[in-house]
Amino acid sequence: MSREKFIEQLESLLSPISAQEREEALQYYQNYFEDAGKEKEAEVLEELGTPEDVAKIIFDEVGYQEEAPKRVEEKKEETENQLHQGTDSVQNTPNEKPKMGKARKIIMICTSFIWAPILFALWIVIVTLIIVSAALAFTFAVLAVAFVVLGLAAFVYGFIHMITLPAFAISLVGAGFIILALAILFVLFVLLFVMLIIPGLSKLLVLSYTLPFKVKGEN
Amino acid sequence: MVFNTGAALLDAIVLAVVSTEKEGTYGYKITQDVRQAIELSESTLYPVLRRLLKAECLEVYDKECAGRNRRYYMITEQGRIKLEEYRSEWKVYTGKVTELFDGGHRPHQDEIEEAVK
């Protein structure tokens, strides 16, 4: 490589730093070559190393390269951490996680003969409760519909006989009111089961599946 | 050389070299002068000079020489103060290291031993 080529390459490599810094550095090396003289040019070139080496030393001093790649690395780490947290519901410090996971798995497998039957029983209880709740909700729904029909029938029948059989008619209308009230109560029961108890139990079921892998991590 | 030259020592050596030249001196010559004492790669000096310029320990001027501009470096008043600091620090440092190397006459230890007796 010739001296001109060296200066030229150095100039383009130094493009990230300010024009003033670049000029200063280029002038220094230009001067250096001139003072060393033509006969020592090859020697100086060899000892300086590549333009990349020289540029790196200048970057280190100017403080340019110290920052840029670091920021990229940090960002990379951040996104990796986010990914970890997204896939793994265990909330741990990102560095501990893989280690803990492995150790925990081994412990869990070794002690599985203790907790597995208990957990299995728990699952069966929860599943049974869900089925029972669903059945109850269905029953109350059927009852609610039946009571609405019955209540309305009593109401209508009562009105029809209002003149011929007033005492009987009034008690029928009253009964109709009571039956409709009960129907509303049953609707509330159905809503209670469908919207609260069954989803709650389902959540519990899902939780009990992940429980062995979660509890220790959170402690 | 087996010993590393840290940034501070390099600064001190360059300041000392430049301070001997009343009219100032230039990059190539500084490199050659420093090399009489320590090993110095040709690409190491520029960052040192830049650092000393930023700290206002050195100042530059351009002088025409054989039809081209040559940049001269001169020590400033601040640079002289800094150099004096380095000199005294160096004396203390090398004194201590020499003492250790020479097998160590340690008055403190002797005094303690005598007090125990």
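The values are calculated or read from the model by the stated rules, or taken from the named source; none is laboratory data. Everything numeric here is computed off the predicted structure, so don't read it as measured data. With ideal geometry, Cβ positions are generated from the backbone for all residues, glycine too; neighbour counts draw on all protein chains shown. When the accessible area is computed, the model is the full protein with side chains, heavy atoms only, and any ligands, DNA or RNA have been set aside. Shrake-Rupley method; radii C 1.70, N 1.55, O 1.52, S 1.80 Å.
Descriptive notes on the structure:
- Computed accessible area, A:Ile118, all protein chains, 1.4 angstrom probe, square angstrom: 110
- Interface area, chains B and A: about 2000 Å² of buried accessible surface, summed, with a 1.4 Å probe and ligands, DNA and RNA left out.
- Entries of B:Lys63/B:Lys91; B:Lys22/B:Lys96; A:Lys5/B:Lys63 with Cα pairs more than 28 Å apart: B:Lys63/B:Lys91; B:Lys22/B:Lys96
- Label-point gap, in nm, between A:Ser12 and B:Ile81 - each point 7 angstrom along Cα→Cβ: 4.6
- Shielding by partners for peptide A:23-33, expressed as the average number of C-beta atoms from other protein chains within 10 Å of each residue's C-beta, is 5.
- Label point distance in nm, B:Thr5-A:Ala42, each placed 7 Å from Cα along Cα→Cβ: 2.7
- The distance between label points at B:Glu99 and A:Leu26 comes to 5.3 nm (points 7 Å beyond Cα on the Cα→Cβ vector).
- Candidates B:Tyr26, B:Tyr73, B:Tyr93, ranked by Gaussian network fluctuation over chain B, Cα under 10 Å, top entry: B:Tyr93
- Counting only other chain Cβ atoms within 10 Å of each residue's Cβ, the peptide B:40-50 averages 5.
- Given their separation in residues at 0.36 nm each and the Cα-Cα distance between them, A:Ala146 and A:Phe159 gain 2.7 nm when the chain is fully extended.
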